[in-house]
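Colleague: Got a structure for you, written out below as structure tokens; questions coming shortly.
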Amino acid sequence: MPGPRCGGTLVTVGTCTRPTAVLSAALFVFGLSGCSNGPTAREVQQEHGPDSFAAQQQVEAALAPLAGVVEPVATAVRDSCRTGQHNWKVDDPYDVRCTIEVHTAYLVPGEDFRAAADSVTQAFPACPEGESDAEATLRDYWDALEGTQTRNFEQPYRPDYLPGYRLDCHSAGPGDEAGATEGATPAVQLAVTGWATLPADEETRELREHAMGQPCLIASEESPCSWEGIPALTIFGFDGTDEGWLVFVSGSLEYARVG
């Protein structure tokens, strides 16, 4: 009978606890990714197919208010799972974690960018306590730097240089994991991932190349991934998107967690 799964490899002896003399120096340096008798990430993803579909619907419902104030242009969906690391350096709070991401692009017309950006923010309820991440980001970056020249950018500051910001009222940053707290229910995370001034120049195309979600370059048992939709670079070539701005908005939701 096969032994436990260690770092994606089935071993036939006991349990794996610590590097021994028979392990290569490379394994010792990089550490084992952990030992588990549980399912692989791909198996978890396959088992939770209905949950993935339900999560996508929930994210799309959370994004729906935007369709009433700006013009939807394109959508892409990314479904991926990660195998957690459990070694001397990293100990993830999961063995397998699966997330659905819905990436959207909207055309925002107008002559004043601040008003255009506010229309996106105001599509969602105001945060009951304190200032939202959207309001703080627009104040600290756009209001402070609009049109100024800095050594960090090739041109005077414009919407294309804005960092991403959350549209919900979660107090943490866009990169935080939903449901990371033990016992917490994962919630949809909404964020503006970037703006693009139209017509888009080469610099903006490079900045927003992956605004519709990172492509799945490598899919494996440990990191299964699928992506389907319209790439950002294709959107820039659409007729009718030659003035105003494109805003890229993503919604993500964890739909499965093991361990």
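The values are calculated or read from the model by the stated rules, or taken from the named source; none is laboratory data. Treat the numbers as computed from the prediction; the structure is a model and nothing was measured. Backbone-built Cβ (ideal geometry, glycine too); neighbour counts: all protein chains shown.
Colleague: Sort through Leu167, Leu145 and tell me the only one that's within 29 Å of Arg257 (Cα to Cα) and surrounded by 12 or more Cβ atoms within 10 Å (Cβ to Cβ).
Modeller: One residue alone meets the criteria, Leu167.
Colleague: Does Ala211 count as assigned by TED's automatic domain parsing to the domain that holds Pro156 and either touching a Leu at 6+ places or on another chain (Cβ under 7 Å) or farther than 24 Å from Pro39 by Cβ (or both)? Explain how you work it out, then say what you get.
Modeller: Numbers: assigned by TED's automatic domain parsing to the domain that holds Pro156: yes; either touching a Leu at 6+ places or on another chain (Cβ under 7 Å) or farther than 24 Å from Pro39 by Cβ (or both): yes.
Yes.
Colleague: Are any residues in segment 48-70 in a helix (DSSP H, G or I), of a type outside the set (Ser, Thr, Tyr) and touching a residue at least 40 places away in the same chain (Cβ under 8 Å), and if so, which ones?
Modeller: Asp51, Ala54, Ala55, Gln56, Gln58, Val59, Glu60, Ala62, Leu63, Pro65, Leu66, Gly68
Colleague: Taking the condition crowded, with 18+ Cβ neighbours inside 10 Å, over 19 Å from the mean Cα position of the chain (by Cα) and touching a residue at least 60 places away in the same chain (Cβ under 8 Å), does Ala116 pass?
Modeller: In short, yes.
Colleague: I'm checking my understanding of the structure. Among residues of segment 28-47 that are surrounded by 15 or more Cβ atoms within 10 Å (Cβ to Cβ) and assigned to a helix (DSSP H, G or I), which one is modelled with the lowest pLDDT?
Modeller: Ala41
Colleague: Of all residues in segment 75-97, which are among the aliphatic types (A, V, I, L, M) and either outside the structural domain of Ser250 (by TED's automatic domain parsing) or at pLDDT 80 or above (or both)?
Modeller: Going residue by residue through segment 75-97, those that are among the aliphatic types (A, V, I, L, M) are 76-77, 90, 96.
Correct list: Ala76, Val77, Val96.
Colleague: Looking at (1) in contact (Cβ under 8 Å) with a residue 40 or more places away in the chain; (2) not in a strand (DSSP E or B), which one does Gly237 not meet, given that it meets all the others?
Modeller: (1)
Colleague: Can we say Ser226 is closer than 15 Å to Gln56 by Cβ and among the small types (Gly, Ala, Ser)?
Modeller: Taking the combined requirement at face value, the residue satisfies it.
Colleague: Among the residues in segment 212-221, are any on the phi > 0 side of the Ramachandran plot, at pLDDT below 95 and within 18 Å of the chain's Cα centre (by Cα)? So that I can check it myself, show each step before the final result.
Modeller: As a first pass, look at segment 212-221 and keep what is on the phi > 0 side of the Ramachandran plot: 213.
Filter again for at pLDDT below 95, leaving 213.
Keeping just the survivors that are within 18 Å of the chain's Cα centre (by Cα) gives 213.
So far as segment 212-221 goes, yes, one or more of its residues are on the phi > 0 side of the Ramachandran plot, at pLDDT below 95 and within 18 Å of the chain's Cα centre (by Cα).
Colleague: Output yes when any residue across segment 161-172 is part of a loop (DSSP other than H, G, I, E, B), at pLDDT below 80, hydrophobic (A, V, I, L, M, F, W, C) and in the same structural domain as Ser52 (by TED's automatic domain parsing), and no when none is. Working first, answer last.
Modeller: Let us first name the residues in segment 161-172 that are part of a loop (DSSP other than H, G, I, E, B), namely 162-164, 167-172.
So of that shortlist, the ones also at pLDDT below 80 come out as 169-172.
In the following step, the residues that additionally are hydrophobic (A, V, I, L, M, F, W, C) were identified as 169, 172.
Narrowing the set further to residues that are in the same structural domain as Ser52 (by TED's automatic domain parsing) leaves 169, 172.
Yes.
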